[in-house]
Amino acid sequence: MSLSKHVTILGVLLALSAPAHAQRTALVVLSGPQEEALARAERIQAVLLDERPFDQVDVKLDVEPAETGEVLAAFLSAPGESDDFRMALVLAPEAGLCQGDDVAPVVSAVPSLVLAPECLVDRMAFPASPAVYDMDPSGLSRDLSGDPWSGELFAGDMAFLAIPFAQDILAPEVEGLLLQMLAAGGDVSPLGLLEMFRLGLSGDGSDFTPVLYATRDLVARTVILSGSPGIGEDFRQRRQVWPQVLSLDVYAAPSLAEGAVAQLHGGYRIEPLRRDHSGRMVYVRTFSGHYGWVRVRDLGRS
């Protein structure tokens with residue numbers, strides 16, 4: 001028997017006898033000019049491998065938008081153990097990304113966190129109807145399942161946090177905030193990431209609305225651990241304004257087409273966060289901690 005075969009067999013025996021540990025793996029799909037994408041990939045890998053306990057980070061720079069769903073499905077559905085954890089970050093352009101209605105649902109083999117444009121959420125096979133956090137405070141949600149919280153994570157548990165398309169004016173901010181939060185350390189949960197994008201994104205000109213879909217047992221759980229203190233909720237001092245109307249209409253998206261989903265009454269201050277592409281709608285946090293879009297003309301001065 002050759003020396004190389006002896007080494008191979010010894011390596012297999014050592015691997016089998018070594019105590020297993022949870023595997024934390026990440027998939028990052030980037031788009032953009034090659035040189036710039038390579039530099040971004042190096043920064044992301046450095047944070048996830050050096051600052052966070054990830055065992056492997058797979059960065060893909062040359063994925064066609066129409067093939068992104070297949071790449072994501074292969075990553076999430078690969079066999080694993082129940083205590084493994086996977087994170088996928090998809091910063092991809094809109095064109096071709098969400099084509100193909102006949103794509104098989106993506107089933108996650110282990111608890112996973114996906115950050116990707118919202119159009120991909122329809123391809124995710126949640127084990128039960130997920131709780132949806134769109135306008136509600138971080139402690140509340142539109143729970144579509146009605147299932148009790150068990151406190152345990154299982155294969156298939158998933159959190160999907162919507163992020164903008166790569167060409168969106170907010171995409172660089174999203175990437176920067178995410179890396180800033182991960183590099184700072186501290187415990188990270190899907191709800192913590194949602195609140196970071198709600199309050200931390202400040203650029204005007206985007207219609208993006210942060211939304212989180214998650215199984216109940218994963219939504220508030222710490223999914224990425226570190227020993228350092230993390231970033232708090234308040235990223236900057238925000239001004240507050242008084243509504244100029246007695247009844248303030250709040251919309252789920254920066255459009256009046258589907259009508260208001262809520263009305264606020266009384267003299268309470270509103271925190272404007274950023275304006276949409278038209279400049280006529282503004283994303284706000286209300287006095288009750290809810291989020292949504294209101295008409296700029298309905299708000300007064302601070």
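Every read-out reported here was derived from the displayed coordinates using simple, explicitly stated rules and does not represent laboratory data. Treat the numbers as computed from the prediction; the structure is a model and nothing was measured. Don't worry about glycine lacking a Cβ; one is built from the backbone with ideal geometry, like all the others, and counts go over all protein chains shown.
What to note about this one:
- All-pairs alpha carbon distance profile, segment 247-298, 10 Å steps from 0, percent: 28, 61, 11
- Charge sum, other residues only, whose C-beta stays under 9 Å from Ala252's C-beta, Lys/Arg counted +1 and Asp/Glu -1: -2
- Sorted on the mean count of surrounding Cβ atoms within 10 Å across their residues, most packed first, peptides 47-58, 161-172 read 161-172, 47-58.
- Database remark: amide H of Met281 closer than 5 angstrom to the amide H of Asp276, Val296 (H placed geometrically; neighbours at sequence offset of 5 or more, or on other chains; Pro and chain starts carry no H).
- With both labels modelled 7 Å from their Cα along Cα-to-Cβ, the Gln244 to Ala39 distance reads 4.3 nm.
- Inverting the pair-averaged 1/r between distinct Cα atoms of segment 22-214 gives 17.0 Å as its Kirkwood hydrodynamic radius.
- Charge sum, other residues only, whose C-beta stays under 10 Å from Val261's C-beta, Lys/Arg counted +1 and Asp/Glu -1: -3
- Residues whose placed amide H lies under 5 Å from that of Val59, excluding near-sequence neighbours: Val28
- Distance between the modelled labels on His290 and Ala184, one decimal in nanometres: 2.8 nm (7 Å Cα→Cβ projection).
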